[in-house]
Amino acid sequence: MSTNVNTTLAVGAAVIAAGTTAYALSSRARPFYTANEIGQPVDTLSAKSSKDRKSSTTANHEFDFVIVGGGTAAMVLANRLTEQSDVNVLVIEAGKTSRGVPASRIPGAFFQLQRTERDWSYWTTPQKGCHNRELAWTRTKILGGCSSGNAMMFNLGAPQDYDEWARLQKGAEGAEGWAYKGFKKAAYLTPEVLARPNLKVVCGAQVTKIRFNDAKRAIGVEFGEKKDGPVYFVGARKEVILSAGAINTSQILLSGIGPQSELTKHSIPIVQHLPGVGQNLADHIVFNSCFPTRPGYSAGRYYTPKNFGEQLSQLGAIAQYLIKGRGPMTTNVQQCVAFVRVGDGKIGRKVDGGEGDVREDSTSGEDAPDVEVMVAPMVWRDHGHKKFDVPEAITITTSVLRPTSKGTVTLKSADPWAKPLIDPCYLATKHDVDILVRSVKLAYQFTNTEPLKSAIDQTVKHPLLDHDLGSKSKAEIEDVIRSRAETGYHPSCTARMAPLEDGGVVDARLRVYGVEGLRVVDASVQPEIVSGHTTGPTTAIAERAADLIKEDC
């Protein structure tokens, strides 16, 4: 998308920053710290005797809870755990704060965070099911995590998803609390929470290792600000809590916990053999169908201006947002959403020309959806980072909500600063292909059904648009899908909550199997990926986790 957005947004950065960091001027306690202000240099710690080491760590470099990652779940945990004034909490976030970053505040500007220092900028391994393409996997690297870069989209998925989570625990202690009725309203990391004296936040520091004592109890973490810089240690009196997301949580666990073969391959000392770590990776794969519209239906001029007049429109929209909080920049881009079921039932049979049901049902219940449909008043390629010069058009995005293709997160090397190998195994199953093909046909039917039909310009035949894709054969549609499908930004399930024999990494109280003092609280614990976006469920998971931690500690 246009670089003009980033340049123009910078003009208003001070306005946004002033409103969002006012707490820094009025806080009772300073919330943000650097690594060397909180941690103890590992070299210094190693040189001390065990007696001196314990005394020094307890006095200056230890907290009740150390939360690794400052994303969606961590924000809730930091709030809830510091409600008790006698509990001290440290949050360590690899990214920086959102101060002076208007793209994290303006819904329609979220893409400006991608492929910058505010993004982990991951890429998958070549995907056999996607014509061997390596796909971009953006994960927001900023305090607030992906909730700061998801265009402020929020939904919870189907209630049956959560009931399924509870069933999959097979009666384990606390299992019933994961049913839908067990969740409650969530809290956030507000300026008032940041002002609590028992909460400290380190930004710009990456956790590289979890430390354990001889009893396999997590006693703290090692972290640093850059690969070749000093390494620091901070202790955890009660628990270390991993909230780094499905990718980074897996990588940090693999500093000593995971499949024996994976750890041995990289000569990493084994703390606990746990086969499920980094396995069962699930994501919502999406396909964007683009259709030409009549003049006035597309909002692309505000995001990808093609001439001076459209640039003025863009500037006006940004000014309107900064001053009044209104206008085109308030859009989350895909603001029209529907959840449908195409694998079976009346809709499924209709879109597939009367063919039978998709043989495998991966949903969590009879009323749960298998496809999400999102409509956006603009078009893009490569997540908005590739020039896409087409007439006015809209995008209908369809997503497989309950994929049966499962992937992995593994290590490239023993170097904790090296990016892990991400292999989502997209479109590896017939189920996922069939569902996505049907969803593309459904999008095509929408454009031939009122009231959307009147907005589509049927006279435009552009080679980069999909005005006739839905009328092609299944094989032709499948080939186009494999050449263009992308991530839906929802990696999950790599440290799934399940019985150990079912590939579980954490129990129903989110405690990591085989060790003490270590929990995982983020999207990676989902037993099965929800049939919706993941920010809402992750927030709910953290609320439930906070209750469990308070009960146990």
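The values are calculated or read from the model by the stated rules, or taken from the named source; none is laboratory data. Being a predicted model, the structure only gives us computed values, none of them experimental. Cβ sites come from the backbone with ideal geometry, for glycine too, and all protein chains shown count toward neighbours. Quick note on the areas: whole protein, heavy atoms, side chains included, nothing else; ligands and nucleic acids left out. Shrake-Rupley method; radii C 1.70, N 1.55, O 1.52, S 1.80 Å.
Okay, here's what the table says:
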read-out: Debye, to nearest 20: dipole size of the chain, +1 on Lys, Arg Cβ, -1 on Asp, Glu Cβ; value: 1260
read-out: Backbone HN-Hα couplings from phi across the stretch 380-390 [Karplus 6.51/-1.76/1.60, Hz, Gly and Pro as x]; value: 7, 9, 6, 6, x, 9, 10, 4, 9, 8, 9
read-out: Within the chain, helix-based [θ] at 222 nm, where runs of 4 or more DSSP H residues each add -39,500 (n - 2.57), nearest 500; value: -8000 deg cm²/dmol
read-out: Cα lying deepest toward the dipole's positive end in the chain, options Gly532, Leu281, Gly144, charges on Cβ; value: Gly144
read-out: Debye-sum result for the stretch 146-198 in log10 I(q)/I(0), which assumes one identical scatterer on each alpha carbon, at q = 0.16, 0.18, 0.20, 0.25 Å⁻¹; value: -0.71, -0.79, -0.84, -0.94
read-out: Count of lysine pairs in the stretch 379-504 with Cα separation under 18 Å (8 or more residues apart, or interchain); value: 8
read-out: Contour excess over end-to-end distance, with Cα ends at Arg99 and Trp120 and 0.36 nm allotted per residue; value: 5.7 nm
read-out: The stretch 260-349: mean projected area of Cα convex hull, nm²; value: 13.5
read-out: Pair-distance profile P(r), taking every C-alpha pair of the chain, with 20 angstrom steps and integer %; value: 21, 53, 24, 2, 0
read-out: Surface accessible to a 1.4 Å probe, per residue, for the residues of the chain, Å²; value: 41
read-out: For Ile67, distant residues with modelled amide H under 5 Å away; value: Leu90, Val91, Ile92, Ile241
read-out: Alpha-carbon Rg with Dmax, taken over the stretch 302-444, Å; value: 20.0, 54
read-out: Pairs beyond 31 Å (Cα-Cα), from Lys96/Lys128; Lys170/Lys550; Lys226/Lys265; Lys181/Lys550; value: Lys96/Lys128
read-out: Shape call, the stretch 151-270: gyration tensor on alpha carbons, a/c limit 1.5; value: oblate
read-out: Calculated FRET efficiency for the pair Ala475/Lys306, C-beta based, R₀ 41 Å, to 0.05; value: 0.70
read-out: Debye intensity ratio I(q)/I(0), log10, the stretch 87-169, q values 0.11 Å⁻¹ (C-alpha model); value: -0.48
read-out: Extension gain, Cys553 back to Ala319 (0.36 nm per residue minus Cα-Cα distance, nm); value: 79.3 nm
read-out: Other-chain or far-sequence residues with amide H under 5 Å of Glu62's (modelled H); value: Gly235
read-out: Share of pairwise Cα separations in the stretch 227-306, more than 18 Å, in percent; value: 67
read-out: Interchain or long-range residues, amide H under 5 Å from Phe212's placed H; value: Ile219
